[in-house]
Amino acid sequence: FPNHYEGPAGKVDGSETLKKAICRETLEEEGLVIKEEDLSLVHVIHRLSDFGEYFEFYFLTDKYDGQPEIKEPDLCDDIGWFDINSLPQNMVPKTKEALDRYKKGEIYSESGWQD
């Protein structure tokens, strides 16, 4: 999704916890240091897409060290903070969906499945 916003994301490496992966990805992509104990799970989506079946976990924190910066310029050309109630229109659709569900207080959702 060129020209779209999304938070730090990635895959869990072998022998790595989910929280450890989030801390690693955030450091690699944005240069921010986050402690595992400062993360709170806010939403999970069980998604079926053309690329496969996924479980996507969304965490929240308001504690971090550092200033956000683009650490992967080949994958990203802009970075910014946005109020959750006035997010940019050009967000990655799955991220927008997760944030909308989080705002509604939903912890779990499913997407892409046929009835």
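Quick one: Tyr58 ticks every box in (1) over 13 Å from the mean Cα position of the chain (by Cα); (2) outside any loop (DSSP other than H, G, I, E, B); (3) modelled with pLDDT of 95 or more except a single one, so which number is it? Tyr58 satisfies every listed condition except (1). Of everything in region 56-115 that is under 21 Å from Val12 (Cα atoms) and among the basic types (Lys, Arg), the residue that is least open to solvent (accessible area, probe 1.4 Å) is Lys94. Only a single criterion out of (1) β-branched (Val, Ile, Thr); (2) closer than 21 Å to Leu18 by Cα; (3) in a loop (DSSP other than H, G, I, E, B) is not satisfied by Ile70, namely (2).
Residue by residue, here is whether (1) part of a loop (DSSP other than H, G, I, E, B); (2) in contact (Cβ under 8 Å) with a residue 40 or more places away in the chain holds:
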{"residue": "Cys76", "(1), (2)": "yes, yes"}
{"residue": "Ser86", "(1), (2)": "yes, no"}
{"residue": "Thr95", "(1), (2)": "no, yes"}
{"residue": "Asp100", "(1), (2)": "no, no"}
{"residue": "Gly105", "(1), (2)": "yes, no"}
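Looking across region 11-38, the residues that are touching a residue at least 12 places away in the same chain (Cβ under 8 Å), open to solvent by 50 Å² or more (accessible area, probe 1.4 Å) and not in a helix (DSSP H, G or I) come down to Thr17, Val33, Lys35.
The values are calculated or read from the model by the stated rules, or taken from the named source; none is laboratory data. Source: prediction; values computed, not measured. Note: ideal-geometry Cβ built from the backbone for every residue, glycine included; neighbour counts use all protein chains shown. These area figures cover heavy atoms from the full protein model, side chains too; ligands, DNA and RNA do not enter into them. Shrake-Rupley method; radii C 1.70, N 1.55, O 1.52, S 1.80 Å.
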